[in-house]
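Undergrad: Below are the structure tokens for one structure; questions will follow.
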Amino acid sequence: MIVKTDAIVLRGRKQGDTSKLATLYTRDFGKIDVIAKGAREQKSKFGGALEMFARSTVVLYKNHKPDTLSLLSNAETIEPNHGILRSLERMETATAIVELILRAMHDEEAHDELFDLLASTMQAIAQWEDRAARAVQFRFYLQFARLMGFEVDLGASQKLSSRALGLLRTIEQSTAEASAISETDYKQLAFFFQTYFAEHLPGVSARSMKSARVFDQL
């Protein structure tokens, strides 16, 4: 069946000499794996539509058999989100969010509100200043938890200091006002969400949410 949908590129890797495998989070079908034949050729029809973090419109031959790739027929970029690649801080933030989606969401589990949240978050990381990226990340976490049905109680938490709770309340209202997050506050909030999601999501562990730290070593 040929279908058309909006998609955000979560990851990609080489396949053979000219093709590419990609994991997409789509509006209509949730998380799916596709193969794009010829995507790595110099004059590929896909252009930059399959680059990491890009939002694109895709046309594919949808395969309904379990654990089977769908064949990508065409893709056009809506938002390239190139700004994410301009700094390690932005890349680390975007990668942490993508890793959560990859771990937490089952294949072909569509969620319209989550798609919109992910799309707007990637666009914000790409367009805002570097110092705002961490606030955008934590605001995504707060909204993601609410959409998944286990909203974070910002009234009180034995695992967070009053300062950290106040920071999250500010972030919930406006990421711009909380754009300058110190390293100490960032580490405390990151650890809190790692353990919080590990408690509520079967596919997520505190260890799996640390993968983006590879950027610290570059």
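The values are calculated or read from the model by the stated rules, or taken from the named source; none is laboratory data. Because the structure is predicted, anything quoted here is derived from the model rather than measured. No Cβ is skipped: glycine too gets one built from the backbone with ideal geometry, and neighbour counts run over all protein chains shown. The accessibility values were calculated without ligands, DNA or RNA, using every heavy atom of the protein model including side chains. Shrake-Rupley method; radii C 1.70, N 1.55, O 1.52, S 1.80 Å.
Undergrad: Inspect all residues belonging to segment 133-146 and state whether any of them is surrounded by fewer than 16 Cβ atoms within 10 Å (Cβ to Cβ) and either under 10 Å from the mean Cα position of the chain (by Cα) or more than 18 Å from S205 (Cα to Cα) (or both).
TA: Checked segment 133-146: at least one residue is surrounded by fewer than 16 Cβ atoms within 10 Å (Cβ to Cβ) and either under 10 Å from the mean Cα position of the chain (by Cα) or more than 18 Å from S205 (Cα to Cα) (or both).
Undergrad: Scan segment 18-31 and give yes if some residue there is of a type in the set (D, E), modelled with pLDDT of 95 or more and either over 12 Å from the mean Cα position of the chain (by Cα) or not in a helix (DSSP H, G or I) (or both), otherwise no.
TA: Yes, some residue in segment 18-31 is of a type in the set (D, E), modelled with pLDDT of 95 or more and either over 12 Å from the mean Cα position of the chain (by Cα) or not in a helix (DSSP H, G or I) (or both).
Undergrad: Please state which one of L50, L10 is touching a strand residue (DSSP E or B) at 6+ places or on another chain (Cβ under 8 Å), in a loop (DSSP other than H, G, I, E, B) and touching a residue at least 40 places away in the same chain (Cβ under 8 Å). Steps first, answer last, please.
TA: On the way: L10 fails: in a loop (DSSP other than H, G, I, E, B).
On inspection, the qualifying residue turns out to be L50.
Undergrad: Quick check: is even one residue across segment 59-77 out of contact with any Phe, Trp or Tyr (no Cβ under 8 Å at 6 or more places or on another chain), open to solvent by less than 30 Å² (accessible area, probe 1.4 Å) and either on the phi < 0 side of the Ramachandran plot or at pLDDT below 95 (or both)?
TA: Within segment 59-77 (the criterion being out of contact with any Phe, Trp or Tyr (no Cβ under 8 Å at 6 or more places or on another chain), open to solvent by less than 30 Å² (accessible area, probe 1.4 Å) and either on the phi < 0 side of the Ramachandran plot or at pLDDT below 95 (or both)), the answer is yes, since at least one residue qualifies.
Undergrad: Select from segment 178-204 the residues that are open to solvent by 60 Å² or more (accessible area, probe 1.4 Å) and hydrophobic (A, V, I, L, M, F, W, C) and write down the one among them that is modelled with the lowest pLDDT.
TA: A180
Undergrad: Another question, if that's okay. Sort through M52, M91 and tell me the only one that's touching a Gly at 6+ places or on another chain (Cβ under 8 Å) and surrounded by fewer than 21 Cβ atoms within 10 Å (Cβ to Cβ).
TA: After applying the criteria, what remains is M52.
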